[in-house]
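*Asks:* First the structure, then my questions, so here it is.
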Ligand SMILES: [Cu+2]
């Protein structure tokens, strides 16, 4: 007789807990690393599907970044490096892809990115800015 209301409360608590557990993957996703996809094509870098060669890449201070480099130049070696941050992907010898996960610097500022084999042609700016939107600067 007295178990009726208790059961209802217990059931409600269990349902609530189950709902929170179901939400956890969503919360984890929203805090997951920022994805940046860089394509090396015809001696230039293109970022996140944009059409601008060697665009400014914007990241937030302390942001976790998961960078994928795709080499579409069959006969050319490319990598992606930010020398000031001591970051370099493995060298892609011809077509292929590689992954680099890093944490952006905590202070706002800019640095140069390059392909270490083609310093003159494959170079641009990576910017750490607190107010920057979670997109890269392209001509979209
Ligand atoms: Cu290159």
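Read the figures in this text as sums done on the coordinates, not as results from a lab. Bear in mind the structure is a predicted one, so any value in this text is a computation, not a measurement. Please note: Cβ atoms are built from the backbone with ideal geometry, for glycine as well, and neighbour counts cover all protein chains shown.
*Asks:* Please work out how much length the chain gains when fully extended from residue 68 to residue 102, using 0.36 nm per residue of separation minus the C-alpha to C-alpha distance, in nm with one decimal. The partial results should precede the final answer.
*Replies:* On the way: separation 34, 0.36 × 34 = 12.24 nm, distance 1.13 nm.
Once the chain is fully extended between residue 68 and residue 102, it gains 11.1 nm.
*Asks:* How long is the gain from residue 86 to residue 125 if the chain were fully straight, where each residue apart is worth 0.36 nm and the alpha carbon distance is subtracted?
*Replies:* 12.6 nm
*Asks:* Now for a separate question. Using 1/(1 + (r/R0)^6) with R0 = 25 angstrom and r between the beta carbons of residue 41 and residue 117, what's the FRET efficiency to the nearest 0.05? Mind dumping the intermediate values first?
*Replies:* Details: r = 15 Å, r/R0 = 0.58.
It comes out at approximately 0.95.
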